[in-house]
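Working notes for the structure below.
The values are calculated or read from the model by the stated rules, or taken from the named source; none is laboratory data. Please read all numbers here as calculations on a predicted model, not as lab measurements. All Cβ positions, even for glycine, are placed from backbone atoms using ideal geometry, and neighbour counts span all protein chains on display. The protein model used for the area step is the full one, side chains on, heavy atoms only, and it has no ligands, DNA or RNA in it. Shrake-Rupley method; radii C 1.70, N 1.55, O 1.52, S 1.80 Å.
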Amino acid sequence: MNPEQNLSRQCAACGEQEAFLTYAVRQNRRLCTDCLLKEHRHLFCPVCLDVYAATVPPPPEESIVCHNCPSVAHLACPPPPPSPFTCPPCSDPNFSFFPKSKPDQESAYALVAAAKISAALMNNEAAELKKEAHKKIFAAKEAKKRAKEALGNLQDIVLKQRASEKKNPNKRKHSDRR
């Protein structure tokens, strides 16, 4: 296998070489399913794996926030308290959204959630890059305009100097005085 292909399958967070699936989250950063979901817990319900529309969690009256992280679950999803609520990854350090050993229905939900989150993150990244490109285009247009004005001013100065030299041919140029 080509080393570059292997890097494209490597998770940037856990370093797993042969991640089953990796998702782009930024231009040059890829994460495996489990790491993507763990790093972006605030974008989906950690219990039912429902991705929030436009990456906005449900309103406070319909949700519960993990005591240890920014994870937001639907109020109807978590099992009845222990109060305060702790999301699955916070309550079990060995928890995995995508267990590699036995893929099942939950794993399929995790794959779909990770794909939706990756798409949303890349759309946001594309929008930011587009804004940045527009700013650079505007700055380049402004720089071009200023350069044209400077060249016009320089041309006016050169023309005035030539006209002055024609009127006073005995007056020596600054460069001839040395």
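For a straight C-alpha distance cut-off of 21 angstrom, the lysines reachable from LYS160 (same-chain residues fewer than eight places away being disregarded) are LYS148, LYS171, LYS173. For LYS141, the lysines whose Cα falls under 23 Å of its own Cα, not counting residues fewer than eight places away in the same chain, are LYS130, LYS131. Between GLU149, GLU125, GLU39, the residue with the greatest mean-square fluctuation in the GNM of the chain (Cα pairs under 10 Å linked by springs) is GLU149. Measuring nothing but how far apart in sequence close Cα pairs (under 8 Å, 6+ apart) lie, relative to its length, the chain scores a relative contact order of 17 percent. Between MET122 and LYS167, full extension at 0.36 nm per residue minus the direct alpha carbon distance yields a gain of 9.5 nm.
Name the residue farthest towards the positive end of the dipole of the chain from the options PRO88, ALA133, PRO57, assuming +1 on Cβ of Lys and Arg, -1 on Cβ of Asp and Glu, about the Cα centre. Of the listed residues, the answer is ALA133. Take the Cα of LYS130, step 7 Å toward its Cβ, do the same at HIS67, and the gap between the two points is 4.3 nm. Length gained on full extension, GLU149 to SER101, computed as 0.36 nm times the residue gap minus the Cα-Cα distance: 10.5 nm. For the chain, the carbon plus sulfur part of the accessible surface works out to 56%, probe radius 1.4 Å.
Diffusion of the chain by Stokes-Einstein, at 4 °C in a medium of 1.567 mPa s and with Rh set to the Kirkwood radius over alpha-carbon pairs, works out to 61 µm²/s. Stretching the chain fully between LYS160 and GLU39 yields a gain of 36.9 nm (0.36 nm per residue, less the alpha carbon separation). At 1.4 Å probe radius, can you tell me the per residue accessible area of the chain in Å²? So the chain comes to 71 Å² accessible per residue, rounded to a whole number. Taking the Cα centre of the chain as origin and assigning +1 to Lys and Arg Cβ atoms and -1 to Asp and Glu Cβ atoms, the resulting dipole is close to 2740 debye.
Cross-link partners of LYS100 among lysines, defined as those whose alpha carbon lies under 23 angstrom from its own and excluding same-chain residues fewer than eight positions apart: LYS38, LYS116.
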